[in-house]
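The values are calculated or read from the model by the stated rules, or taken from the named source; none is laboratory data. If you're wondering where the values come from, they're calculated on a predicted model, not measured in any experiment. Here the Cβ positions follow ideal geometry from the backbone for every residue, glycine too, while neighbour counts run over all protein chains shown. Surface areas here come from the heavy atoms of the whole protein model, side chains and all, with no ligands, DNA or RNA. Shrake-Rupley method; radii C 1.70, N 1.55, O 1.52, S 1.80 Å.
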Amino acid sequence: MEVVEFLDALAYHDKQIAYHQAQLMRTLADYAIACEGEEFFDAEIAAAMRWTSRWTSDQVAMALDLASKLPATLDALEKGEIDFYKARVLYDKTMPLTAELAAQVEERVLAKAPDLTSAQMRQLTNRVVMRVDPEGQRERAEQRKAQRCMGIDALEDDVARVWAFLPAHLATACYARVDAIARQVKTPSDPRTLDQIRADVFADLLLATPDGASAVKVELYVAISAATVMGLSEQPGELAGYGPITADLARELAGDSTWRRLLTEPVTGAALEFGTSTYRPPKALRRFIWARDRTCRHPGCMRPAQKSELDHTEPFPLGHTSEANMGPFCKRHHRVKHRTAWEVTQPTPGTFCFRSPAGKTYRRDPEPVLGDLPPF
């Protein structure tokens, strides 16, 4: 193929992708409209598509807006004049606007969007939104400040990203303080880069008092095999809320820890039995189920078990408070289980079977406490 033919093929396939993404949006919008008034209709979509609840809600909301408030954007996507990212920019930026103002922004931006890069289009859309709705822009700035929050994103290779959503002046001041301290402590003999020192300063400021003692006690749940602790195995550990960590990091965390024994089935690695006759699970049972199930049990949900609610698969007192009749469900999926026609059974401890209102079936098997077991 000649270079031009390659480029033409890329453009063709890009347009085909845009067309099918537009059809996906139309189908989602039609389904949502057909299910109007049903609180948890999107749980069916999430399970069938293997999407998370948050992503499903986001996609449904975008589909409805594109179909109703931004029809020209959806048409442009269908024709391949813009890609999905550009459609997303218009949706994000016009979300707080009235339909009339959104139509003004859509008209002005789409006139230039096909010839712009994604970054250029985002800047253009920001400028147009500010021009057509200056008063609303001021109100939204105040609302955004009220949405300040912080969180953590699990990455790979034993690292994670801690972030904070703050007013610009506070965020700038926080960074300036961390940077100033980092530059103060940096010495020619220090092998760390300035970025590494900034990260260390950030953690020290949050976790320790000036004398080095922890100001607030926190708990980390780490699963590690006895063989790994003794250095006889390099099997990875599991950090609750994060996922697999290297054997070296697991041993480091285990060096100053409170230990609790958890017996596992030697072949599958699944956690074994623990039970009680009370309604509210005791702390030991809660920890056992957190270790066994690791995440919310609803299909596709990855909400950490320790941040979820423990649910009796068969309602108490007909069903016992035991590992064979309990599992973690995040707040949303706990409500889905009890307020809709979703059916949940637990044929064996840790194995959850689901039947959706549409009749589709799903199964979540127990995962080894330490992830995939090494080959024997």
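Summary table
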read-out	value
Residue count, the range 348-369 (criterion: assigned to a loop (DSSP other than H, G, I, E, B) and either open to solvent by 30 Å² or more (accessible area, probe 1.4 Å) or at pLDDT 85 or above (or both))	10
Matching residues in the range 223-252 - criterion: being modelled with pLDDT under 75 and within 30 Å of Cys330 (Cβ to Cβ)	Ala240, Gly241, Tyr242, Gly243
Of residues in the range 104-117 being under 32 Å from the mean Cα position of the chain (by Cα) and among the aliphatic types (A, V, I, L, M), the one surrounded by the fewest Cβ atoms within 10 Å (Cβ to Cβ)	Leu116
Any pair with Cβ under 7 angstrom, 6 or more apart, that starts in the range 297-324 at a residue that is closer than 19 Å to Ser53 by Cα and ends at one that is charged (D, E, K, R) and open to solvent by 20 Å² or more (accessible area, probe 1.4 Å)	Arg297/Arg364; Pro299/Arg364; Gly300/Arg50; Ala305/Arg294; Glu309/Lys331; Leu310/Arg286; Asp311/Lys337
Matching entry among Leu90, Leu77, Leu10, Leu70 (being open to solvent by less than 50 Å² (accessible area, probe 1.4 Å) and either over 29 Å from Glu139 (Cβ atoms) or among the β-branched types (Val, Ile, Thr) (or both))	Leu77
Sole residue being in a helix (DSSP H, G or I), at pLDDT below 95 and closer than 30 Å to Tyr242 by Cα, chosen from Arg144, Arg127	Arg144
Selection within the range 293-337 - among the polar types (S, T, N, Q), open to solvent by less than 40 Å² (accessible area, probe 1.4 Å) and under 19 Å from the mean Cα position of the chain (by Cα)	Thr295, Ser308
Matching residues, the range 54-84, being under 17 Å from Leu97 (Cα atoms), assigned to a helix (DSSP H, G or I) and in contact (Cβ under 8 Å) with a residue 24 or more places away in the chain	Met62, Ala63, Leu64, Asp65, Leu66, Ala67, Ser68, Ala72, Thr73
